[in-house]
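Asker: Pasting a structure here, questions to come.
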Amino acid sequence: MNELKNVSSIRPKREVKFGISLFEVMFVIVVTVIAAVLRGLVYPLFEYPFVILTFLNATYLVMKPKENPTLNHLQMFKLVIRRYLFKEYVGYKTIDVREFREE
């Protein structure tokens, strides 16, 4: 039964195009719609650039980085937030050889 423990990793992912899943496309659309609704809060000259740049930022967040192709930028961002804001990541003290004295 242990071989079935990690079944979700072998399931194929539904990709729309260019390796982007349906959830990621919906994420980009929802973020862009929210930006279009909130564009009235921005200076009138910058309303359309705000929506366009928000769309580009959301698209960047769903792309996979070269360093870690298994996770996208949004998942990496959530990982950083979880580690640093919720104190799940505690920095380790390096070992300094000067602290140890031979007696």
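The values are calculated or read from the model by the stated rules, or taken from the named source; none is laboratory data. Small disclaimer: the values here were computed from a predicted structure and weren't measured. As a convention, Cβ positions derive from the backbone with ideal geometry for all residues, glycine included, and neighbour counts pool all protein chains shown. All accessible areas refer to the heavy atoms of the entire protein, side chains included, with ligands and DNA or RNA removed. Shrake-Rupley method; radii C 1.70, N 1.55, O 1.52, S 1.80 Å.
Asker: Search the range 18-54 for residues being touching a residue at least 12 places away in the same chain (Cβ under 8 Å) and among the charged types (D, E, K, R), and hand back the single one that is least open to solvent (accessible area, probe 1.4 Å).
Answerer: Checked the range 18-54; the qualifying residue least open to solvent (accessible area, probe 1.4 Å) is GLU24.
Asker: Within the set of pairs 6 or more residues apart or between chains, which connect a residue that is within 12 Å of ILE20 (Cβ to Cβ) inside the range 55-67 to a residue that is part of a loop (DSSP other than H, G, I, E, B) with Cβ atoms less than 8 Å apart?
Answerer: Listed by first residue and then by second, the contacts come to LEU61/ASN72; VAL62/ASN72; MET63/ASN72; LYS64/GLY19; LYS64/THR70; LYS64/LEU71; LYS64/ASN72.
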